[in-house]
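Shown next, in structure tokens, is the structure this report addresses.
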Amino acid sequence: MKRIATILLILLALAAAAAYYFGVPGRGPAGAEPSGSRSVAEQQRSESAPPERKILYWVDPMHPAYKSDKPGTAPDCGMDLVPVYAEEAPEEEMPAGTVRISARKLQLIGVQYGEVRVESVVKTVRTVGRLGYDETKIARIHPKIEGWIEQVYVDFTGKLVEKGQPLLSLYSPELVSTQQEFLIAKKAKDYLAQSSVPGISSNGVSLYEASRERLRLWDITDEQIKELEERGTPTKTLTLYSPIRGFVLSRAAFEKQRVTPETELYAIADLSTIWVLADVYEYELAQIRLGQRATMTLAYFSGRTFRGTITYIYPQLDPATRTLKIRLEFPNPRFELKPDMFANVELQIDYGRQLVVPEEAVLDSGAEQIVFVAHEGGYFEPRQVELGAKVDNRVIVLRGLTAGERIVTSGNFLIDSESRLKSAMGAMGHGQAPAPKKPSPPPAQPH
């Protein structure tokens with residue numbers, strides 16, 4: 001019986017072992033995974049785990065020029081060496097000051113990019129001006145003889161007078177006697193013209209011409225002289241006429257008034273063209289040229305634009321406002337523009353097609369201007385540039401960049417700090433370490 005019990009125990013043990021090893025098809029021992037497969041959780045953990053990063057070398061954090069093939073401490077400062085990974089190493093040699101910034105840090109500092117472009121650049125200089133008279137078209141009326149005003153035809157200021165319109169009539173005893181002398185000279189010329197004595201007729205003609213010229217010098221017209229010859233008697237008064245078409249600025253002529261050649265009777269201004277005096281700041285003077293076109297708008301002419309030209313640049317700068325006056329000329333055929341009005345003036349300066357960058361892309365320290373050029377792999381190169389004029393929110397680049405380059409327009413101050421820190425740390429060491437060059441490609445395999 002004991003032997004039978006022993007045999008049964010052995011059979012039960014073998015059955016338990018068989019169930020343990022072969023109880024589930026395709027699996028090993030109960031609760032164990034097969035050697036060739038993994039659980040879903042382990043597979044997900046394996047896929048989500050970051051790939052292993054390859055370390056190229058270790059460097060001194062205070063002196064990047066020092067490199068080591070294995071970890072340890074720096075010999076100069078005693079600090080732990082930091083690893084440099086394969087993805088952080090530059091693929092090609094970069095200029096001095098080039099810095100690499102990770103994508104995470106770029107996102108944190110909010111870096112934005114722009115592009116160097118070639119565009120048509122037109123700058124508008126805006127200023128204010130004051131309208132005034134054209135000083136070259138102002139006539140001042142003075143009598144050339146002494147006398148008394150008999151009658152006034154233009155009797156108030158602001159009146160529009162035409163060219164040749166009568167202004168006043170003037171009585172002068174000297175004028176009457178000169179007319180009598182002229183009539184006598186005319187009779188003498190006619191009488192002596194019949195003489196056969198040589199020289200006598202020519203003397204009569206000379207006396208006649210001298211008397212006639214004297215009347216002309218007193219602003220007596222040829223038509224008036226012709227009427228005097230036909231009438232044969234002198235007139236009591238002389239009529240003065242307007243020499244231009246314009247508006248009366250001032251009047252000092254009244255009836256029965258005694259006048260002399262020093263008396264200014266009228267001042268008449270031609271407003272067919274009008275001047276505008278505008279102030280331009282000192283830094284804008286280099287962009288102002290004679291003959292340059294300008295536009296003008298006025299508050300009470302809503303929507304209307306007047307076009308004129310710069311005709312003069314005054315030589316003296318105002319030391320208080322640091323501005324210089326320029327003079328512009330505008331046509332005014334309908335006399336809509338009035339002197340002493342205020343106007344807004346715009347000057348268009350055309351630079352043609354230029355290489356431009358956004359204004360915010362430039363870091364200006366006063367001594368130099370820097371623009372950061374973005375390269376592949378997160379590298380940023382500080383590029384010193386030479387700038388031209390600033391137009392709105394753009395800056396003309398004269399040298400240092402080429403069209404199509406990608407540049408930093410926002411966050412460049414922090415990138416500049418990183419670049420300067422790297423340069424300073426390199427200068428503290430044994431010299432800045434050159435970036436490794438891009439490895440040469442393997443030789444082409446034959447087909």
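The values are calculated or read from the model by the stated rules, or taken from the named source; none is laboratory data. Nothing here was measured: the structure is a model prediction, and the numbers come from that model. FYI the Cβ positions are ideal-geometry reconstructions off the backbone, even for glycines, and counts take in every protein chain you see.
Select from segment 251-285 the residues that are more than 21 Å from the chain's Cα centre (by Cα) and within 30 Å of Pro319 (Cβ to Cβ) and write down the one among them that is surrounded by the fewest Cβ atoms within 10 Å (Cβ to Cβ). So the residue we want is Trp275. Reported count of residues in segment 340-358, each being within 24 Å of Glu329 (Cα to Cα), in a strand (DSSP E or B) and of a type in the set (A, V, I, L, M), is 4.
Select, from Val385, Val395, the only residue that is aliphatic (A, V, I, L, M), at pLDDT 90 or above and within 14 Å of the chain's Cα centre (by Cα). Every option except Val395 fails the conditions.
Condition (residue is out of contact with any Pro (no Cβ under 7 Å at 6 or more places or on another chain) and closer than 20 Å to Leu131 by Cβ) applied to segment 346-359: is it met by at least one residue? Yes: segment 346-359 contains one or more residues that are out of contact with any Pro (no Cβ under 7 Å at 6 or more places or on another chain) and closer than 20 Å to Leu131 by Cβ.
Using the structure shown, decide if Val408 is surrounded by 14 or more Cβ atoms within 10 Å (Cβ to Cβ), modelled with pLDDT of 75 or more and farther than 15 Å from Tyr113 by Cβ. So Val408 fails the test. Screening Ser211 with (1) in contact with an Asp or Glu (Cβ under 8 Å, 6 or more places away or on another chain); (2) over 14 Å from Ile225 (Cβ atoms) gives one miss only, at (2).
Here is a list: Gly164, Gly110. Which entry is more than 30 Å from Pro358 (Cα to Cα), within 49 Å of the chain's Cα centre (by Cα) and modelled with pLDDT under 95? Criteria check complete, one pass: Gly164. Taking (1) surrounded by 14 or more Cβ atoms within 10 Å (Cβ to Cβ); (2) on the phi > 0 side of the Ramachandran plot in turn, Glu359 satisfies each apart from (2).
Could you tell me whether segment 317-325 includes any residue that is buried (at least 18 other Cβ atoms within 10 Å of the Cβ), in contact (Cβ under 8 Å) with a residue 60 or more places away in the chain and within 21 Å of the chain's Cα centre (by Cα)?
The answer is no; no qualifying residue exists.
Report every pair of residues separated by at least 6 positions or lying on different chains whose Cβ atoms are under 7 Å apart, first residue within segment 254-277 and farther than 18 Å from Tyr171 by Cα, second assigned to a loop (DSSP other than H, G, I, E, B) and among the small types (Gly, Ala, Ser). Close Cβ pairs satisfying both conditions: Ile268/Ser242. Looking only at segment 226-250, which residues are out of contact with any strand residue (DSSP E or B) (no Cβ under 8 Å at 6 or more places or on another chain) and crowded, with 17+ Cβ neighbours inside 10 Å? Result: Leu228, single match. For segment 116-134, the criterion of being outside any strand (DSSP E or B) and closer than 22 Å to Phe330 by Cα is met by at least one residue.
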